[in-house]
Each structure stands twice: as structure tokens, then as C-alpha cells.
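The values are calculated or read from the model by the stated rules, or taken from the named source; none is laboratory data. It should be emphasised that the depicted structure is a prediction, and the values quoted were computed from it without experimental measurement. Reconstructed Cβ throughout: ideal geometry from the backbone, glycine too, with neighbour counts over all protein chains shown. Accessible surface is based on the protein model in full, side chains and every heavy atom, while ligands, DNA and RNA are left aside. Shrake-Rupley method; radii C 1.70, N 1.55, O 1.52, S 1.80 Å.
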Amino acid sequence: MILLQSHSRFLLQTLLNRLQNLEKGIELDHHWVEFDDVRYHVQVSTKNPHVLLLSVSLPPPSSETIFVNGLPFGAIDAIKAAYGATVQIKDPPRDGFNLTLKINLSKLPANQDQRQSFLVKIASVREVVLGAPLRVILKHLASRTVAPDIDPLVALVHRPRESFFLVPKADKVTVVYPMRFNDSIDTVLATSFLQEFVEARRTAGLHNTPPCSWSLTPPQELKEVSADALLANAGFVTFVIFPRHVEGPKLDRTVWNLSTFHAYVSYHVKCSEGFMHTRMRRRVESLIQALDRARPDLEKKTAMNRSFKRLGLKKESRNSSFS
């Protein structure tokens, strides 16, 4: 199984290229979209080449998800903790975006390794912002407490107008994903994939992973959720996160994996579909080659090295009528 990277590779490459050409004063204006409809905009002007503006547009939230000033709760504090004084939050952001960051490239660490690490952290702005509420809840789980003023059922956005749900408690956090797919083939493949995903935990060596279950009907934890939010044609996946899963460095990995679980499943479904298409094309090509080898030769050569064509029944009957 392939895990998605937490940083945007294109954003990281853009930042590195900008640092290499910092003194040239080249203007930048890049737009691009990544999975789950997260949009980016990078802009640098020739008047101030050391300042880079990074704007991010998040997936539109569903009615169950609460945004504070256009961002998930805890996102502002997470940005300040991750980037410090090197990155400033512009208020208001650019039109059409949830967040605009002003990055002073001249204040980056002088040490090469530290600079690279900081650029990777900037390229991981998606994880910092969208994963902020989940990080708050799981940090309290690590200390076996519940975040203050938190609802008993929390909805977090992960796809356009789609949410996954958390039930935070002091000893565990239950995470439930309604799995939806637009394509019928993707739905069938995802259902099979998720059933195998649950069975894989019984394999030796995976007993310490979070307990996982799958069902066609919503679990009891979502009994208070509206019917529109529970439209899932590929069932419901439930993970139970315990304090041991978020201790120390495990926290960052758990936050990212839970935030992008639907994208992880979609990626592997598309890979499986592409693999099956490739196998079918190869099978058709081999059958065509077998038919070509089985086709009889239309020309035969006699002992005098002369060739003649074998006539079909229709041609033979037509020739005999003129004789």
C-alpha cells in the first residue's frame, strides 16, 4: 500500500526554484489544484521579490462542519506554532481563498538542512490547516483528556461538502467515514477494498494498529446525524484511536492518515482499475495474436515454385457456372 505524502510536491519545487532565482527578481503567478479540491495560488512580484504570497482554498464544508472565519477551528494557532514569525497571515485573504500567507524568504534559516525542513513544512500547509481540529482532539487523547468546549460529535471536512465524524473521549477517539463514490465501478472496487482492509488487521504483526470495522449501515455513533450526511454507497468505515497511537512522533502520522483516508482509498481504487484495464488489454492482444497464428495461409506454392490462391466455395461455384 502506498501512503500519500503530506507535502505538496509542486509547491515544494516552486519554493526551491524561487530560492535559487531569488536575486533575478522573476515574477511568479501559479495556480493549481490537488486532490480533494484543495486549490493553491503562489504569487511573487518584481517589486518585492523576497516576499511570496501563498493562498489556499479548502474544500467547501458541509452543513455539519463548523468553520471559524473560513478556517477549521484551531487552524490559526496551528499556523503560528508551525511557522513562527517567518510567515504572516493576511487578513482578509485573497478573494476566492480561505487563507493567504505572506512568506518572507529572506528570513528562512541559514542552515541548509533547517531551510529544507522548513520549506517542507510550508509545503505541508494543507496538513497544518485541515488537520488542526484533529490534532487538537488527538493531543488531548495522548494525555487522556477531552478538549474543553468540544462537542460530543465533531464533523470535519475532508472532501467538497463531505465530512467524517469523531467521537472524542478521554480513553479513545472513534473516527467514522461515510464512503461515497460517484462512479459505480469505483463503488464496487472500494467496497471490496474496504472489506479486505478490515480483514488485513487480523494478519500477524498488525495487532497494534487501530481497530477497524466496515458496515453498510451507519454505526450507533452517528444516530444524531442528518440523513443527507449519511449518504454512503460504499458503506461506513470506523477506526478506534487509542492513546498509544498518538504518542510522540506518531501524532503527525496519525493526523495525516486520518485526514486523507478517503483520498488514500480513492487512489488505490483508481490504481486497481488501471491495473485491471492493463491486464484486459494484454489479454485481448494475446488472443488476437493467437487468432493471427491460427489463420490459414491463402497462398500455396507448387513444386514448380508457382503460387496459387485457394478459392472459397462461392468463388468455385461462380467459376463452374461459366464453364
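Once the mean of 1/r is taken over each pair of separate Cα atoms and inverted, region 1-113 shows a Kirkwood hydrodynamic radius of 15.5 Å.
Largest accessible area first, the listed residues Leu291, Leu119 line up as Leu291, Leu119 when surface is computed with a 1.4 Å probe on the assembled protein chains. Applying the criteria of a DSSP loop state and at most 11 other Cβ atoms within 10 Å to the trypsin sites (Lys or Arg not before Pro) of region 176-210 yields Arg202.
For the chain, the longest principal axis of the alpha carbon atoms and the long axis of helix 9-20 meet at an angle near 70°.
Kirkwood-type hydrodynamic radius, region 96-250: 18.1 Å, calculated from all non-identical alpha-carbon pairs. Comparing the chain with the 2.2 N^0.38 Å rule of thumb, its C-alpha radius of gyration ratio is 1.47 (two decimals). Normalised per residue, the accessible area of region 119-243 is 47 Å², obtained with a 1.4 Å probe and no contribution from ligands, DNA or RNA. Overall, the accessible surface of region 9-273 at a probe of 1.4 angstrom is composed of carbon and sulfur to the extent of 52 percent. I need the Debye-formula profile for region 57-126: one equal scatterer per C-alpha, no solvent, reported as log10 I(q)/I(0) at q = 0.12, 0.18, 0.25, 0.28 1/Å, two decimals. Rounded to two decimals, the profile gives -0.37, -0.76, -1.22, -1.40. Candidates Ser226, Val51, Leu287 compared by Cα position along the dipole of the chain: farthest toward the positive end lies Leu287, with charges placed on Cβ.
Identify, among Ala75, Leu11, His268, the residue whose Cα sits farthest towards the positive end of the charge dipole of the chain, taking +1 on the Cβ of Lys and Arg and -1 on the Cβ of Asp and Glu, with the dipole about the Cα centre. Farthest towards the positive pole: His268. Structure shown: which of Lys102/Lys270; Lys169/Lys223; Lys139/Lys223 lie over 29 Å apart, alpha-carbon to alpha-carbon? In this structure, Lys102/Lys270 lie more than 29 Å apart at Cα. Think of region 9-273 as having a plus end and a minus end, set by charges on the Cβ of Lys, Arg, Asp and Glu; of Val176, Ser62, His245, His245 sits farthest toward the positive end of this dipole.
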